[in-house]
Amino acid sequence: MQEKKDKPNVLLVCVDHWPGRILGAAGHPVVQTPTLDTIAENGIRFTEAYSETPTCIPARRSLFTGTRARTHGDRCFNETLPMDPALPTLPEVFGDAGYQTYAVGKLHVYPQRARIGFDEVLLNEEGRHHRGLHADDYELYLSDEGFAGQEQTHGMGVNEYTVRPWHLPEYLHQTHWTTRNMCRVIQRRDPTRPSFWYCSYTAPHPPLTPPAEYLDIYRDSGVDSPVMGEWAGEFDKLPWVLKNHRYNKPAPGGETLRGEEVVKRARMGFYAQCTYIDHQLRLVIGTIREEGLLDNTIILVTGDHGDMLGNHGLWAKPPMFEASVKIPMLLMDTAEYQKSGHHRTDNRFCGLEDVMPTLLEMCGIPVPDSVEGLSLVGDKTRDHYYSEHFEDQRAMRAVRWENYKLIYYPVGNRFQLFDLAGDPDECRDLSGSEESKTILETGKKLLISEMYGSDSKWISGGTLTGQPDVPFEKPVNRGLSAQRGWR
Ligand SMILES: [Ca+2]
């Protein structure tokens, strides 16, 4: 029986650290993502989707409020900044329109049990007890099952790339837990109201602990190697921000991933986590189908940011390269395909702030005035997309327009310019080339047009002057990048 035909249900899937190009549908040579590929075929894949502020918290603020960092107020990963009460949230607006709204998995908000407008949240906080949370719902479940305190006893770091198979029975894996609870939520819904479901996986973000079978897939197939740009070979010549990042991530000291075999294993572990999520997602869609709801459900899959995965000698986020800043964005409409169509790609510049207006418009719900994103079911376009992170020495700014991307590091006033049409892996920095001078100037003007607040100290006489270079010193890492312990 089909329910509430006038209002579609919505399944919003969020993954963590998943580069937009690591999808079979995007032509990736190795990774296996048959479920996501099917969603892409039955809907739209946005090929130029970006994270404006590519780390967890600020990116999720954009996702949940439809605003940019300059409005939601966080371009620095401010872990203790609550959501701005003046900005209506995505679940809040769906709730006000009569939807039941339910989240399972990672929220990464403050305070940690804040529901940010959801009727109910089943939370996985990845062991962030330093912010005051006693136990999340995943940990309580492990405790109930007789495995109290063992969620991190595989010993792998949450910000590192060492790999081992999952250490407990598979049904206790966090990806499995998120899937299982999402399915239960769908089955237990109130049939008199439409549903907004937020299914938020904590992976492929490390710890890299996939079930052993998923590592086997990539042991059999092999993995591709990272790319190394022409500009990336000499450490001493890198902008300070990249020196610092390369040395610092993954910890300790970036030293642990030197060596081809170790890099290969890290990528195997990462792809294994991707494929595990892909396969588990089948169960969520299968449950929606068996409940008779699939034809009236919109599915949108996205992620908060990507991961460098060893490209240019870098790992994790938030460098402004494609591997870190480009995100998956897949949209499958209801079976009537009235608004969006299927079997197509869309190359408009878009971002996480567009998710809220897109879903609201597709469900016929008015978009709040506070929303800055563009609805992706319309024909509105941007001529450029701006990304930013940090205000201190680690600051990076980037602008993407036409085929180009200009990255700016204020420390040392350094630039990197790439032509993505001929150089999609960003291996050739054109910022010093005479032929690219006009393009460089265009990019600089776009950057200045987007800057605000404390950024003004980097602009002088209408041009970017930055701040003095600083000598690189090896950072200390006594906490092993927030290594979790026994609980
Ligand atoms: Ca993240």
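Data overview
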{"quantity": "Odd one out for Leu352 among (1) crowded, with 22+ Cβ neighbours inside 10 Å; (2) over 22 Å from the mean Cα position of the chain (by Cα)", "calculated": "(2)"}
{"quantity": "Residue check, Arg61 of a type in the set (Lys, Arg), at pLDDT 95 or above and more than 13 Å from the chain's Cα centre (by Cα)", "calculated": "no"}
{"quantity": "Test: residue in region 248-266 that is crowded, with 17+ Cβ neighbours inside 10 Å, in contact (Cβ under 8 Å) with a residue 40 or more places away in the chain and over 23 Å from the mean Cα position of the chain (by Cα)", "calculated": "yes"}
{"quantity": "Options Thr302, Thr275, Thr287: the member that is under 28 Å from Tyr404 (Cα atoms) and β-branched (Val, Ile, Thr)", "calculated": "Thr302"}
{"quantity": "Qualifying positions in region 95-119 - touching a helix residue (DSSP H, G or I) at 6+ places or on another chain (Cβ under 8 Å) and not in a loop (DSSP other than H, G, I, E, B)", "calculated": "Thr101, Tyr102, Ala103, Val104, Gly105"}
{"quantity": "Which listed residue, of Tyr198, Tyr161, is within 22 Å of the chain's Cα centre (by Cα), buried (at least 17 other Cβ atoms within 10 Å of the Cβ) and assigned to a loop (DSSP other than H, G, I, E, B)", "calculated": "Tyr161"}
{"quantity": "Members of region 378-392 found to be assigned to a loop (DSSP other than H, G, I, E, B), over 16 Å from Pro319 (Cβ atoms) and either in contact (Cβ under 8 Å) with a residue 40 or more places away in the chain or of a type in the set (Phe, Trp, Tyr) (or both), listed by number", "calculated": "Glu391"}
{"quantity": "Some residue of region 171-194 being in contact with a Leu (Cβ under 8 Å, 6 or more places away or on another chain), closer than 30 Å to Asn9 by Cα and within 16 Å of the ligand (Cβ to nearest atom)", "calculated": "no"}
{"quantity": "Region 43-96: number of residues that are polar (S, T, N, Q) and within 16 Å of the ligand (Cβ to nearest atom)", "calculated": "5"}
{"quantity": "Complete set of residues in region 358-376 that are in contact with a Pro (Cβ under 9 Å, 6 or more places away or on another chain) and either aliphatic (A, V, I, L, M) or surrounded by 22 or more Cβ atoms within 10 Å (Cβ to Cβ) (or both)", "calculated": "Leu360, Met362, Val367, Val371, Gly373, Leu374, Leu376"}
{"quantity": "Among (1) of a type outside the set (Val, Ile, Thr); (2) part of a loop (DSSP other than H, G, I, E, B); (3) touching a Ser or Thr at 6+ places or on another chain (Cβ under 9 Å); (4) surrounded by 22 or more Cβ atoms within 10 Å (Cβ to Cβ) - the single one Arg189 does not satisfy", "calculated": "(4)"}
{"quantity": "Filter pass, Arg394 being modelled with pLDDT of 95 or more, surrounded by fewer than 21 Cβ atoms within 10 Å (Cβ to Cβ) and of a type in the set (Lys, Arg)", "calculated": "yes"}
{"quantity": "Output for region 434-479, where each listed residue is surrounded by 11 or more Cβ atoms within 10 Å (Cβ to Cβ), among the hydrophobic types (A, V, I, L, M, F, W, C) and under 22 Å from Trp240 (Cα atoms)", "calculated": "Leu440, Leu447, Ile448, Met451, Trp458, Ile459, Leu464, Val470, Phe472"}
{"quantity": "Matching residues in region 101-145 - criterion: being of a type in the set (D, E, K, R), within 16 Å of the ligand (Cβ to nearest atom) and in contact with a strand residue (DSSP E or B) (Cβ under 7 Å, 6 or more places away or on another chain)", "calculated": "Lys106, Glu126"}
{"quantity": "Count of region 418-475 residues which are in contact with a helix residue (DSSP H, G or I) (Cβ under 7 Å, 6 or more places away or on another chain) and part of a helix (DSSP H, G or I)", "calculated": "0"}
{"quantity": "Residue match in region 88-98 (condition: closer than 17 Å to Pro194 by Cα and under 20 Å from the mean Cα position of the chain (by Cα))", "calculated": "yes"}
{"quantity": "Residue within region 207-223 that is free of Cβ contacts under 8 Å to residues at least 60 places away in the same chain, within 16 Å of the ligand (Cβ to nearest atom) and over 30 Å from Asn413 (Cα atoms) present", "calculated": "yes"}
{"quantity": "Strands (runs of 3 or more DSSP E) contained in region 268-372 and holding at least 2 residues within 16 Å of the ligand (Cβ to nearest atom)", "calculated": "297-303"}
{"quantity": "Verdict on Ala203 being in a helix (DSSP H, G or I), surrounded by 23 or more Cβ atoms within 10 Å (Cβ to Cβ) and either out of contact with any Leu (no Cβ under 8 Å at 6 or more places or on another chain) or among the small types (Gly, Ala, Ser) (or both)", "calculated": "no"}
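The values are calculated or read from the model by the stated rules, or taken from the named source; none is laboratory data. Please read all numbers here as calculations on a predicted model, not as lab measurements. With ideal geometry, Cβ positions are generated from the backbone for all residues, glycine too; neighbour counts draw on all protein chains shown.
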